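A short write-up of the structure that comes next.
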Amino acid sequence: MEAWFVSDIHLKTAKERNGEILLRFLHSLLQENPAKVHLFLLGDIFDLWVGGGSFFVKRFLPLVQALDELKKAGAQITFIEGNHDLHIASYFKKRLGVEVFVEAQYYKIDGLTVRIEHGDLINLNEIAYLRLRSVLRHPTVKMLAHIIPGGVWGYIGDKASKKSRSRSSRLRAQNEEQLVGMIHAHTERAYLEKKFDFIISGHMHIFTDRVLTMNGHKVRSINLGSWFEDNIKVFRIKDGQADWVNLN
Ligand SMILES: [Mn+2]
């Protein structure tokens with residue numbers, strides 16, 4: 001078993017640097033042992049993808065094709081939606097056969113219990129966002145997501161991503177340790193709900209990988225960071241061993 005965890009690439013096009021790195025990575029999985037692969041996409045892979053129309057499929061076509069090939073070669077693919085990729089099941093699930101979820105999920109990987117989630121519920125101070133999240137997740141918006149043409153979402157997204165960039169630089173200005181503290185507090189809250197060995201999230205754009213002790217049980221708490229860095233790395237659990245793999 002070979003599980004890979006990727007999030008927060010925030011791709012605007014398939015052709016940009018990170019689009020090419022992702023494509024190369026998907027092709028490498030395809031060439032090695034795809035039937036052993038479980039690829040976890042933990043949200044905000046795209047800077048914007050709303051609904052199942054052809055607009056976004058065309059925009060990211062080489063990547064969509066690579067995911068399709070990987071799936072057909074026997075890989076398992078799980079996509080947890082972020083706050084930038086919304087209502088994607090009608091394409092990813094129906095057409096590509098990718099599992100799509102919004103909320104946290106648990107998987108048994110080589111005997112380890114792994115909780116995965118996007119991570120947009122970690123920072124409880126983001127009240128405005130949490131409100132927006134419940135609006136975006138409302139069934140009426142889901143319906144609209146399929147009625148409004150992709151190009152319109154593209155326009156709204158370009159505006160929104162300018163705002164969200166200024167928001168993330170504000171977040172970054174906060175003490176990084178404070179954000180890591182939130183990730184760990186979330187780890188504790190989640191552990192009380194249900195036990196696990198690993199908890200893996202994105203969204204916070206903070207690379208962190210720490211072993212915490214919960215009721216005498218060692219838990220590994222990971223945030224995948226983002227692809228806004230110079231060094232791109234992804235997390236892997238292979239034959240029960242976990243490590244980071246550099247992609248460039
Ligand atoms: Mn996010």
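The values are calculated or read from the model by the stated rules, or taken from the named source; none is laboratory data. Keep in mind the model is a prediction, meaning the values are calculated, not measured. Neighbour counts run over all protein chains shown; Cβ positions are idealised from the backbone, glycine included.
Overview of results
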| quantity | calculated |
| --- | --- |
| Checklist (1) over 19 Å from the mean Cα position of the chain (by Cα); (2) at pLDDT 95 or above applied to F198, failing item | (1) |
| Leading residue by the ranking (farthest from E69 (Cα to Cα)) among those in region 96-119 that are touching a helix residue (DSSP H, G or I) at 6+ places or on another chain (Cβ under 7 Å) and assigned to a strand (DSSP E or B) | R115 |
| Test: residue in region 62-83 that is within 16 Å of the ligand (Cβ to nearest atom), β-branched (V, I, T) and assigned to a strand (DSSP E or B) | yes |
| Any hit, region 39-47, residues being in contact with a Pro (Cβ under 7 Å, 6 or more places away or on another chain) and under 19 Å from G151 (Cα atoms) | no |
| Tally of residues being over 14 Å from H38 (Cα atoms), in contact with an Asp or Glu (Cβ under 9 Å, 6 or more places away or on another chain) and among the aliphatic types (A, V, I, L, M) across region 69-103 | 4 |
| L171 vs. criteria within 16 Å of the ligand (Cβ to nearest atom), at pLDDT 90 or above, in a helix (DSSP H, G or I) and crowded, with 16+ Cβ neighbours inside 10 Å | no |
| Selection within region 1-40 - free of Cβ contacts under 8 Å to residues at least 40 places away in the same chain and closer than 21 Å to A242 by Cβ | S28, E32, N33, K36, V37, L39 |
| Within region 84-139, considering residues that are of a type in the set (D, E, K, R) and away from the ligand (no atom under 16 Å from the Cβ), the one surrounded by the most Cβ atoms within 10 Å (Cβ to Cβ) | R115 |
| Any hit, region 47-55, residues being farther than 14 Å from V100 by Cα, at pLDDT below 95 and part of a helix (DSSP H, G or I) | yes |
